[in-house]
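Below: the structure, in structure tokens.
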Amino acid sequence: MPPRVVLVGPPGSGKSAVGRRLAERLGLPFRDTDSDVEADQGRSIADIFVDDGEGAFRAMESAAVAAALADHAGVLALGGGAVLDPQTRVLLRGLPVVYLEVSIADAAKRIGLNRDRPLLVGNPRGQWIRLMDDRRGLYEEVSAVTVSTDGVTADEAADRVLAALGAGAPQ
């Protein structure tokens with residue numbers, strides 16, 4: 001059974017925090033594919049990037065996403081770059097995907113734009129803007145709805161997600 005809700009968005013959009021709140025409200029399990037990769041590899045994503053490179057990480061990420069989409073019936077948060085994989089985008093078709101949109105100002109407040117984020121090393125603000133230029137269209141392509149998480153708590157964002165999906169709980 002596929003996930004009841006899939007969350008996508010950039011670093012700092014609140015995918016994990018909002019996903020946990022959403023799962024609690026719906027009485028469903030929560031799963032994060034970044035955590036799946038780390039558990040499977042026994043090391044952090046930052047270490048995978050340093051030791052194996054981005055290409056190797058993306059392959060691991062794609063496998064984790066495919067597995068989670070096939071066997072997780074709860075709320076699923078995808079890593080920010082998961083939508084870069086064309087096969088992942090195909091697998092997301094027809095699913096209740098929510099794009100959590102966030103401004104750079106709010107993202108910076110939440111994550112500092114550097115902590116354990118290998119793609120944001122160096123010039124975090126510039127890297128985040130470039131990353132969004134590359135990914136925004138992909139987030140929009142795969143999502144059924146877009147919810148802004150700017151200026152709200154994770155609980156308030158979860159309320160927004162439920163409202164955007166209609167009737168509170170996707171079937």
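The values are calculated or read from the model by the stated rules, or taken from the named source; none is laboratory data. Keep in mind that what you see is a predicted model, and the values were worked out from it rather than measured. For neighbour counting, all protein chains shown are included, and Cβ atoms are generated from backbone atoms with ideal geometry for every residue, glycine included.
List the pairs whose first member sits in the stretch 59-87 and is under 15 Å from ASP32 (Cβ atoms), whose second member is surrounded by fewer than 18 Cβ atoms within 10 Å (Cβ to Cβ) and among the hydroxyl-bearing types (Ser, Thr, Tyr), and whose Cβ atoms are under 7 Å apart, counting only residues at least 6 apart or on separate chains?
Close Cβ pairs (under 7 Å, with a partner that is surrounded by fewer than 18 Cβ atoms within 10 Å (Cβ to Cβ) and among the hydroxyl-bearing types (Ser, Thr, Tyr)) amount to ALA77/SER16.
Given the condition touching a Ser or Thr at 6+ places or on another chain (Cβ under 7 Å) and among the aliphatic types (A, V, I, L, M), answer yes or no: does some residue in the stretch 24-34 qualify?
no
How many residues does the stretch 7-32 hold that are of a type in the set (A, V, I, L, M, F, W, C) and part of a strand (DSSP E or B)?
Within the stretch 7-32, residues that are of a type in the set (A, V, I, L, M, F, W, C) and part of a strand (DSSP E or B) number 3.
Scanning the stretch 35-51 for residues that are modelled with pLDDT under 95 and of a type in the set (Gly, Ala, Ser), which turns out farthest from ALA68 (Cα to Cα)?
ALA46
Name the single residue that is farthest from the chain's Cα centre (by Cα) among those in the stretch 131-170 being among the small types (Gly, Ala, Ser) and part of a helix (DSSP H, G or I).
Ranking the qualifying residues of the stretch 131-170, first place goes to ALA163.
Which one of these does LEU76 not meet: (1) touching a Gly at 6+ places or on another chain (Cβ under 9 Å); (2) at pLDDT below 95; (3) not in a loop (DSSP other than H, G, I, E, B)?
Result: LEU76 passes all but (2).
So, of the residues in the stretch 92-110 that are surrounded by 20 or more Cβ atoms within 10 Å (Cβ to Cβ) and assigned to a helix (DSSP H, G or I), which turns out to be modelled with the highest pLDDT?
LEU92
Tally the residues that are small (Gly, Ala, Ser), surrounded by fewer than 20 Cβ atoms within 10 Å (Cβ to Cβ) and either closer than 27 Å to GLY151 by Cβ or modelled with pLDDT under 95 (or both), restricting the search to the stretch 1-34.
Total meeting the criteria: 2.
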